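What follows is one structure encoded as structure tokens, with my remarks underneath.
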Amino acid sequence: MRDLKNYKVGAPAPVTLKGRFLTLEPYDRQAHLSGLWQAFGGAEGINTLLKYFPNDDYGSAEDLGAWLENARANSSFVTLVARENATGAIVGMASYMRPDPKNGVVEVGSVAHGLAMKRSPMSTELHYLMAKHVFDDLDYRRYEWKCHNENQASKVTAQRYGFTFEGVFRQHVISRGANRDTAWFSMIDTEWPIIKAAFEAWLAPENFDADGRQKRRLEDIRAEIIDGAAA
């Protein structure tokens, strides 16, 4: 059991995280807002893409920018913007939220994968880079993922990445004028070595064929590592 008498970590801060497929950059309104707006489909697509976000619909890029600025000022968000390495295009974002340095806990949230990221290694690499920073660089003990309980895609994705489902907080908040039950997931530091090894094996060049399709699923790789450790 880890001795936590002298455990001390700091809050997440803006950071640049570089992977093979994309680079995560600290959000900057001038550098990123227009690109995010376009990545999310502009006025025609953003509100469908972000329908489970708790805030009102966005009518313009300025509305999105105002929300991001308010979140950073009032909620200790650290928003990172994903830029595709091959093209330089902005493709998505995610944030470190609700940091609790005293207990070594932080949440990943406000996750938005633009159309270019869907069914792409970039989505997986984004979450690998963010989790790796939390555990390897910041020495946090617990990393959380929460979503609207009706958001089935988010729940499936959390478990694909290695988060463990912990339950549903009923009538947790009021979102967009309606009740929201919230599904909670987490991964912890003792689980991270296996989760990390699976991420890295999945992201390796040899796991993709000539057309960029995966050869082995992330879940299968992780299960094989767990089985091997237990043998």
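Throughout, read-outs are computed from the coordinates displayed, never taken from laboratory work. Predicted model, so just to flag it, every value in this text is computed and none were measured. Here Cβ is always computed from backbone atoms with ideal geometry, including for glycine, and neighbour counts include all displayed protein chains.
Place +1 on the Cβ of every Lys and Arg and -1 on the Cβ of every Asp and Glu in the chain, take the dipole about the Cα centre, and give the residue among Tyr58, Leu115, Asn103 whose Cα lies farthest towards its positive end. Going by the Cα projections, it comes out as Asn103.
Let's see if you can work this out: charge +1 on each Lys and Arg Cβ, -1 on each Asp and Glu Cβ, no other charges. What is the dipole magnitude of region 85-230 about its Cα centre, in debye to the nearest 20?
Values: 19 positive and 20 negative charges, 116 e Å.
Charge dipole, region 85-230, about its Cα centre: 560 debye, nearest 20.
Cα centroids of region 99-142 and region 32-72: 20 Å apart. Given their separation in residues at 0.36 nm each and the Cα-Cα distance between them, Ala89 and Glu44 gain 14.3 nm when the chain is fully extended. One equal scatterer on each Cα of the chain, no solvent, Debye formula: the resulting log10 I(q)/I(0) at q = 0.12 Å⁻¹ is -0.69. Per residue, the chain reaches -10500 deg cm²/dmol at 222 nm when only DSSP H runs of four or more residues are counted, each adding -39500 (n - 2.57). Ordering 185-193, 108-116, 121-129, 148-156 by mean Cβ neighbour count within 10 Å, with the highest value first, yields 121-129, 108-116, 185-193, 148-156.
Sorted on the mean count of surrounding Cβ atoms within 10 Å across their residues, most packed first, peptides 217-230, 21-34 read 21-34, 217-230.
Summarising the label geometry, the points placed 7 Å from Cα in the beta-carbon direction at Ala13 and Ala230 lie 4.2 nm from one another.
Taking the Cβ of Ile90 as the centre, find all other residues whose Cβ is under 10 Å away and add up their charges (Lys, Arg: +1; Asp, Glu: -1). Present the calculation step by step, with values, prior to reporting the outcome.
Numbers: positive: Arg83; negative: Glu25, Glu84.
Residues near Ile90 contribute -1 overall.
For a straight C-alpha distance cut-off of 17 angstrom, the aspartates and glutamates reachable from Lys146 (same-chain residues fewer than eight places away being disregarded) are Asp100, Glu107, Glu166, Asp181.
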